[in-house]
Amino acid sequence: MAKWKSPLFSDIRNKLGENVVFSMWKGRPYMRSYVVPANPDSLKQRANRDQMAKIVAMYQANVKPDPDMSAAWDVEALPRLISGYNQFVQYGREMTIGVLDLSSTTISVPISLCAIPADRLALMVEDVAPGGYKLSTKRGEGTYTEADWAAWVPAAGDKIYVVDTKVLKGADIETTAVLYKAVNHWKKNIATGAADAMVVT
């Protein structure tokens, strides 16, 4: 990284032709050679982008329209000095969802490397037949099975979400199962370049 001092270039931040980029880092001006960003558009990249787009869409549909829900996420994010939106997306993105078995007779969802603290990480089911949401009794990373819910009989069409149980709106309590707590519903599929929803078949 080259350094320079010049009144003429003290606050320039741009590209000079196709050769040099001027910018700032921690208040210090610097310049570097211009490099065309690589964009191989691989299936892995497509899956990452698809998952990101769906997590953002989930926030916009289920959190942003309700001021109380937005405020609940802002409270969660406050210690990190970021917005509730950024916290929601970080929680949604920073996890690994393993190979899934979501047949109605066997449920197996491995979750690891998750940014949500272990004591508040859970899975939530949208139980389509009777309606409503049900939280797992299990907390933290690991493999979730149907035994990790107190009263759920898996059926085709049921949806599974990764949630932060302690994002609370108003009089909510940790065990309240509502969709705005959900940050992820998709596993990246690098074979297809898409993010697949976690839905019982």
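Each reported figure results from applying straightforward, stated rules to the coordinates on display, with no laboratory input. Nothing here was measured: the structure is a model prediction, and the numbers come from that model. Cβ placement follows ideal geometry from the backbone for every residue including glycine, while neighbour counts extend to all protein chains displayed.
Just rank VAL35, VAL63, VAL153, fewest to most, by other beta-carbon atoms within 10 angstrom.
VAL35, VAL153, VAL63
Angle of helix 67-77 to the longest C-alpha principal axis of the chain, folded into 0 to 90 degrees and rounded to 10: 70°. The dipole here belongs to region 26-86: it is taken about the Cα centre, uses +1 on the Cβ of Lys and Arg and -1 on the Cβ of Asp and Glu, and is about 520 debye. The overall shape of region 98-191, judged from the alpha-carbon gyration tensor, is oblate: a/c is not under 1.5, and a/b is no greater than b/c. The Cα center of region 20-95 and the Cα center of region 130-201 differ in position by 22 Å. The ranking of THR165, THR192, THR175 from fewest to most other beta carbons within 10 Å of each one's beta carbon is THR175, THR192, THR165.
Full extension of the chain segment joining ALA118 with ASN48 gains 22.8 nm, where the gain is 0.36 nm per residue of separation less the Cα-Cα distance. Relative to the Cα centre, the charge distribution of region 43-197, modelled as +1 at Lys and Arg Cβ and -1 at Asp and Glu Cβ, gives a dipole magnitude of about 500 debye.
The slack in the chain from THR201 to GLU141, taken as 0.36 nm per residue of separation less the alpha-carbon distance, amounts to 19.3 nm. Taking a ≥ b ≥ c as the square roots of the eigenvalues of the Cα gyration tensor of the chain, is the shape rounded (a/c under 1.5), prolate (a/b larger than b/c) or oblate? Prolate shape, in that a/c is at least 1.5 and a/b is the bigger ratio.
Note on the chain: with a GNM built from Cα contacts shorter than 10 Å, the maximum mean-square fluctuation among ALA150, ALA47, ALA71 falls on ALA150.
Simple spin-label estimate for GLU174 and ARG32 gives 4.3 nm between the two label positions (7 Å along the Cα-to-Cβ direction from each Cα).
3J(HN,Hα) along region 147-164, derived from phi through the Karplus expression 6.51 cos²θ - 1.76 cosθ + 1.60 where θ = phi - 60°, amounts to 5, 8, 10, 6, 8, 9, 10, x, 9, 4, x, 4, 10, 10, 10, 8, 9, 9 Hz, with x in place of Gly and Pro.
When the chain is described by a simple charge dipole with +1 on each Lys and Arg Cβ and -1 on each Asp and Glu Cβ, the residue from PRO67, SER23, THR96 located farthest towards its positive end is SER23.
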